[in-house]
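Here the structure comes first, spelled out in structure tokens, and everything after it is commentary.
The values are calculated or read from the model by the stated rules, or taken from the named source; none is laboratory data. All values derive from a computational prediction rather than experimental measurement. Don't worry about glycine lacking a Cβ; one is built from the backbone with ideal geometry, like all the others, and counts go over all protein chains shown.
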Amino acid sequence: MILSDSFHEEEENEAPVKAKRTKPDAGEEEEVVYHPVKLSRNDLYRPPTAEELNQLKEAESLFHCSLLKMQMGELLKEVALSERRKQQIDSFIQTVTKLLQTVPDSPEVEVSDLSWLSGTVKVPFLLLPKITKGKFHMAPPASIDLIGSYPLGTCTKPHVMVDLAVTIPADVLHPKDVVNQRYPRKRALYLAGLAQYLTSSSDIGTMRYSCLHGNRLRPVLLLTPPDKNSSSFTVRVHACPPPGFFKPSRFHPQRNNIRTEWYTGLQTSYSESSEPPTPHYNSSVLGDLLPRTHLQFLSAISSQCSAFADGVALLKVWLRQRELNQGTGCFNGFLASMLMAYLLTTHRISNTMTAYQLLRNSLNFLASTDLTVNGISLARDADSTPTLAEFHSAFQVVFVDPSGHLNMCADMTACTYMQLQHEASVSMQFWDNPTVDGFHSLLMTPKPMIRTSDHVFQLCELVKLQSSCKKLNLLSELMDHSGNYVHTALPFILSLLQRGLDQRIQLLTHSLSPDPEVRKIDKQTEFRQLWGLRSELRRFQDGAITEAVLWDGESMCQKRLVPKQIITHLLQLHADIPESCVRYVGHSFNPCFALQVPSTGEEKSLAVVQSYDDLSRKLWRLEGLPLSITAVQGAHPALRYTQVFPPKPLKMDYSFFDKEKTCRSLVPKEGKPCPAYITPITVICHMEGSGKWPHDRLAIRHIRAAFHIQLGELLRKHHKYTCRPCPTHLDVWKDGLAFRIQVAYHREPQVLRESVNPEGLLVVRDNEEAQALEMATIHKPLLTSTLHGLQQQHPCFGAVCRLAKRWLGAQLFSDDITEDSADLLVASLFLQPAPFTPPGSPQVGFLRFLHLLSSFDWKNNPLVVNLNNQLTAADYTEIKNGFMASRESLPVMFIATPKDKKLSMWTRRAPNVQMLQRVMMVAAESLKVLEQQLMDGNQIQDVKVVMRPPLEVYDAVIHLNPKQVPLLSQAVDPPSVTFSRGVMTGSAAQSGGSLPVIDYNPVSLYLAELREAFGDLALFFCDPYGGTVIAVLWKPKAFSPVPFKTSQVSARSVKVTGDEANTVPNVEAILEDFQIMGKGLVKSVEARTEKWSF
Amino acid sequence: MAPSKKKHASSQPCIIPGGFAVLSLQFNSDSAARHSLYVKEHKVRAEKSSHRPLDRTLFVLNIPPYCSEEVVKELFSQFGNVESVELRDHPGSTQESGPKLSKFFRPSGKQGFNVGYVVFKKSSSLTAVKSHPHDVPLVVCTEQRPVRTGVQKWIQQYTESFIHPDKLQQTVDSFMENYDKHKEEEAERQKKEAEQQKEEEEGWVKVTRGNKGTKARPHSEAANQRTLRKEMRKKKRKELMNFYTWQHRNTQKEHIAELRKKFEEDKQRIALLRAQRKFRPY
């Protein structure tokens, strides 16, 4: 199993890494603990200096608090290059420069003649078509300069890139080389020549080729230093023509520099002026001409604005966290600097602003400006350069450089820019929200694609795109991109999908409210064109007859797959991409709940809620009760759509059971498999307060029992439901579901808290009993109704909860992170999604849940779940302050809600530190495995891998007899054998009949007994959803010998040495007790370790 | 169980320091492993409880969860007639309080390892127990006396959990009747006491706030606090804010002090986070 292996590695690796990190600053690392600040009176009230006053005022007005300012400062320190690193870089650059200056000359050859290169060195260029004119020879570079972020001071960690421009001497090139890829080829050859020369040197570590921002016309040579810190930085060698060697006007976006005749090898009738323009080719050649001038320009700007470098660094971190600075056509660091320079030159930012303000203003600008429509230009004089309109006609996104000739966003697609804009506007939204940890969401949280988008589609077999280029008739574009069919087809496929999915929302709701847009007649032909054969005329309920496409999907989970249907259909129809190439990762988690394919059980939850609503109505209408009902509230996960396996209506097979005579009930039969488990769905029924209620705890309990009897009697009489009253609850069998009604009296917790002390004073003291009662009768129903509301706003909330809880169960954590806490954790993802938007599919929600679990800093932060948006900014501060003040005494996992700001009642009992640590570790590992699996098209998708925990770490494993495990079919890998469990097929009876076996689960009974008997010696773990093993972990503390004490001898045996009697756990007897106590249920007990033998 | 012990324990009783005798116990005759019961005569300095007579009561430690009171009674009958057995989850004196509850309303006992108080009819049985050889185990489950565990036990528990509604109603009614009677008696008693007091004070009548006949409000903590708070509020209302120049100056000073304090707090928080390396963005 993959998981188990990696866990162990993780544990082993942890130690050395930590040790390494702590080394440099071991002094300050020592035990920093938060103490409440104590300032002496003198310090607090001394007269302020003007400077201090300014600083304080600035902190108060500019930031939410000075915290954000300091946090940004700290972040900048983390990403900035250290002096030591800079020295390393400088010395390496010197060696490289010296080496490069001694490149020997070589004799002149034809460009296409590669014989002068030794076999090991490849040319970093796709030499298609093969024939080119021109001569080439190696010569020492005319000059070698640093360019880019390093000399500018905006270079950031990690992946430090130092750009080195090597100027190709003028005699190697020819001014006409611009045409037909002659220059790019010579450039590649020159790099290959340099590489050949450098291979012989021992001063260079590794050497690789790469392309600048994925542009294959611009290969670069990557060098790393030879010593052990080789990974610390990379030198990127660019080959450039001498400045001003080519005339910039040659690269006008409407001009052609690649002849069709040369490219296709066929005779064509194009004259030079009618050839198709090659804007992308032009801009990539032009890009080589300008880096030095760009550097000069940026340095000039940077020298005027002191915070420029810091601002750019922050923007770069922001981009990197959103993966916007990666891949072809990305918004890279260079563009970030240029954008800031633009804002400075147009006086949108003043030179005196701080880095914080620079970042804020740039994001604001990005959010509000659409560069796909209104491009911007840094050029001073507009004459003799192409106009913005000309740029717009050739490129999707326009941002013109200071020279006025180059569009720096040439490769960017409109979609990338839209994403950038979207991210910026989301960031601006939560920046001002005082309830969000702005710094963290803005700059610290990574947003990988798989965790950001609801649906991810992958195109495999990119070769197929070649045929789509043909189908979409993109020859001239293909020529412009020099045969890179992926880049060529991408914008077209994106716009196609954009059109298709834009309509999707209207189409999904077609039977209810056809959108007027669909009905417009002039749109019809276009519509039919887009959807092809799937389009048909349909008549809607309101009588309108329109063109529509019907996607099939009966259950919720199938409806979620409609985008997949749309996308595969569109791609097939218009781009000739067969369905097999589209890899959709979004529904891979469905097998986890698949009891009946293809449903995921969301409809079953709905049925349960409907049945409950009916019951609640009937309870309200009951007459003849001595006190009236004031509230009926559900208090069960199934009533908020978050039950992992929602109960389904059952019809019992009476012959399978024994019968209990007095109460007309079914009872499990010995020797038969355990009957199907019927979950009691808890319903709290509040009774009116009245003077008739006694003021005594025992009397109240008896009165409640009387109410249970009476309610049951009335329900039986009026509605013929089978009922079973108990002192604590009333079970009602209705529609094949079991409801457990509990009567509650609102003053009971208060009565439980009151007591009279010896002096006769009435004192109110909180106690466990009262808390438990309040939890059951007040907090749980409230949480249930609140989360029910959340489900109405976000349809996939329930599915995410269920997935999360299934994972927790499978990893044996159900007991530590309870159902309610898990639901709250998931709710926080929806209520406070920053920096994301609320999850729109179960998968992305689950991935974010894992990320939250693995990365949240529980030690220093409370997780605030703002249910119903009731908390204000002041509440947040209050919660945070209260948390900081008494961190030590609070639960390890602190979750605050509007009704519970101080105590975190849902996590008070569990988890403890060790378990939380383990949960975090397992979550991180699961997330890693899942993301790899989902993003890598070659791996088989088996998400259940993360649901199979390793059992090696446990000391003993109790194997259960599957016959007696009632929820066996819910297991992660359900066994092929099934047992008859007394359930008949067919729809459930409406009412009446014998009461079935409710809430009888041998596994949970057994676990409860084990925990009661051996809870202080061992921990017991079990998957509540059909797990057939119970894992046992000895508590190490319990195994050290202790002196004989009457209060501490449970399951221990005595060892006498002299006068001392010590006790140790009697492991043999305990293991046998496991067998005895679980007779009939336990198949075998397997002791794995020998930990107890000292 | 210490294996070394087993070897040279011939039919000798085993007494460990502390005065406890060790008896071994196994579930049935096939069991390989044994639990140890630690027994001693019940000895407490200050207990006058009648149902644990000092000379006839045996104190038993480490009784496994599958031994109910009946089973323990039978196990120890071999040493003499047993009068009663009491199982508890921890040693200590009995605190029976409140009215006796019916079994439906009694809280269910813990199913862990228990301590027991076995009361014999004769005190001689105690010595018999203490001299029982260590290597002859007591057997819990035998042919004559099967002990149900596991699935059998759970099914039995489930079956027994059914209560006929009428029976339950009866229990409730009788309890409430008792309760009401008790309440009435209490009220009666209080009334009588009050009257008595009146008479006792030689013709002086105590004047209380409520009208005659109503009982005075019971003293409670909450009421005390309420009064205190009321006083505080009254005091505050009379105060003038920012009226004098010095008051205004003080407010400003407080504001700056507040800002400073916050600044210091933030600084410390950052230092803490920095120490934990919380500023690495990737």
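Odds and ends about this structure:
- Some residue of the stretch A:980-990 being in a loop (DSSP other than H, G, I, E, B), within 14 Å of another protein chain (Cβ to nearest Cβ), touching a residue at least 40 places away in the same chain (Cβ under 8 Å) and more than 20 Å from A:Ile1076 (Cα to Cα): yes
- Looking only at the stretch A:858-877, and only at residues there that are more than 14 Å from chain B (Cβ to nearest Cβ) and surrounded by 15 or more Cβ atoms within 10 Å (Cβ to Cβ), the one that is nearest to B:Gln276 (Cα to Cα): A:Leu863
- Candidates in the stretch A:436-491 are the residues that are under 30 Å from A:Gln181 (Cα atoms) and of a type in the set (Ser, Thr, Tyr); of these, the one that is surrounded by the most Cβ atoms within 10 Å (Cβ to Cβ) is A:Thr488.
- Criterion: of a type in the set (A, V, I, L, M) and buried (at least 20 other Cβ atoms within 10 Å of the Cβ) - qualifying residue of A:Val751, A:Val800: A:Val800
- Every condition in (1) under 43 Å from the mean Cα position of the chain (by Cα); (2) more than 9 Å from chain B (Cβ to nearest Cβ) holds for A:Val1042 except the one numbered (1).
- Near pairs, Cβ below 9 angstrom, 6+ apart or cross-chain, from the stretch B:253-271 (within 17 Å of A:Thr877 (Cβ to Cβ) and more than 7 Å from chain A (Cβ to nearest Cβ)) to any residue that is surrounded by 15 or more Cβ atoms within 10 Å (Cβ to Cβ) and not aromatic (Phe, Trp, Tyr): B:Glu258/A:Leu44
- Subset of the stretch A:354-371 (residues that are buried (at least 19 other Cβ atoms within 10 Å of the Cβ) and part of a loop (DSSP other than H, G, I, E, B)): A:Leu371
- Restricting the stretch A:124-162 to residues that are among the β-branched types (Val, Ile, Thr) and either at positive phi or assigned to a loop (DSSP other than H, G, I, E, B) (or both), the residue that is surrounded by the fewest Cβ atoms within 10 Å (Cβ to Cβ): A:Ile131
- Among residues of the stretch A:695-712 that are more than 8 Å from chain B (Cβ to nearest Cβ), those with a Cβ under 8 angstrom from a residue that is part of a helix (DSSP H, G or I), sequence gap 6+ or separate chain, pair up as A:His695/A:Val751; A:Arg697/A:Glu748; A:Arg697/A:Val751; A:Arg697/A:Leu752; A:Ile700/A:Glu748; A:Ile700/A:Val751; A:Leu711/A:Leu619.
- Unmet requirement for A:Asp735, which otherwise passes all of (1) farther than 30 Å from A:Trp906 by Cβ; (2) buried (at least 20 other Cβ atoms within 10 Å of the Cβ); (3) within 14 Å of chain B (Cβ to nearest Cβ); (4) not small (Gly, Ala, Ser): (3)
- Among residues of the stretch A:386-410, those that are assigned to a loop (DSSP other than H, G, I, E, B) and in contact (Cβ under 8 Å) with a residue 60 or more places away in the chain, counted: 11
- Any hit, the stretch A:1077-1089, residues being assigned to a helix (DSSP H, G or I) and over 42 Å from the mean Cα position of the chain (by Cα): yes
- Of the candidates A:Val977, A:Val945, A:Val1029, the single residue that is more than 14 Å from chain B (Cβ to nearest Cβ), free of Cβ contacts under 8 Å to residues at least 60 places away in the same chain and more than 26 Å from A:Val1064 (Cα to Cα) is A:Val977.
- When residues of the stretch A:622-644 are limited to those that are assigned to a loop (DSSP other than H, G, I, E, B) and either surrounded by 21 or more Cβ atoms within 10 Å (Cβ to Cβ) or of a type in the set (Ser, Thr, Tyr) (or both), the one farthest from the other protein chains (Cβ to nearest Cβ): A:Tyr641
- Selection status of A:Glu52, within 24 Å of A:Thr435 (Cα to Cα) and at pLDDT 75 or above: no
- Pick from the stretch A:273-332, criterion of a type in the set (Lys, Arg) and either buried (at least 19 other Cβ atoms within 10 Å of the Cβ) or closer than 30 Å to A:Ser427 by Cβ (or both), ranking: modelled with the lowest pLDDT: A:Arg322
- Scanning the stretch A:1049-1082 for residues that are touching a strand residue (DSSP E or B) at 6+ places or on another chain (Cβ under 8 Å), among the β-branched types (Val, Ile, Thr) and facing chain B (nearest Cβ under 7 Å) yields A:Val1049, A:Val1054, A:Val1056.
- Taken over the stretch B:102-158, the residue count meeting the criterion of being without any contact (Cβ under 8 Å) to a residue 12 or more places away in the chain and in a loop (DSSP other than H, G, I, E, B) is 8.
- Residues that are more than 26 Å from B:Lys153 (Cα to Cα) and in contact with a Pro (Cβ under 8 Å, 6 or more places away or on another chain) number at least 1 in the following strands (runs of 3 or more DSSP E) confined to the stretch A:649-728: A:680-687.
- Residue that is farthest from A:Pro694 (Cα to Cα), among those in the stretch A:756-765 that are exposed (fewer than 12 other Cβ atoms within 10 Å of the Cβ) and within 11 Å of another protein chain (Cβ to nearest Cβ): A:Glu759
- Among the residues here, B:Ser93 qualifies as within 14 Å of chain A (Cβ to nearest Cβ), modelled with pLDDT under 75 and surrounded by fewer than 15 Cβ atoms within 10 Å (Cβ to Cβ).
- Number of the exception - A:Val1003 against (1) surrounded by fewer than 18 Cβ atoms within 10 Å (Cβ to Cβ); (2) in contact with a helix residue (DSSP H, G or I) (Cβ under 8 Å, 6 or more places away or on another chain); (3) not basic (Lys, Arg): (1)
- Among residues of the stretch A:666-708, those that are crowded, with 18+ Cβ neighbours inside 10 Å and modelled with pLDDT under 85, counted: 0
- Residue in the stretch A:191-209 that is surrounded by the fewest Cβ atoms within 10 Å (Cβ to Cβ), counting only those that are among the small types (Gly, Ala, Ser) and free of Cβ contacts under 8 Å to residues at least 60 places away in the same chain: A:Ser202
- Test result for A:Gln917, within 17 Å of A:Lys859 (Cα to Cα) and either surrounded by fewer than 17 Cβ atoms within 10 Å (Cβ to Cβ) or of a type in the set (Ser, Thr, Tyr) (or both): yes
- Looking only at the stretch A:1006-1038, and only at residues there that are over 37 Å from the mean Cα position of the chain (by Cα), in a helix (DSSP H, G or I) and among the charged types (D, E, K, R), the one that is farthest from A:Thr679 (Cα to Cα): A:Lys1037
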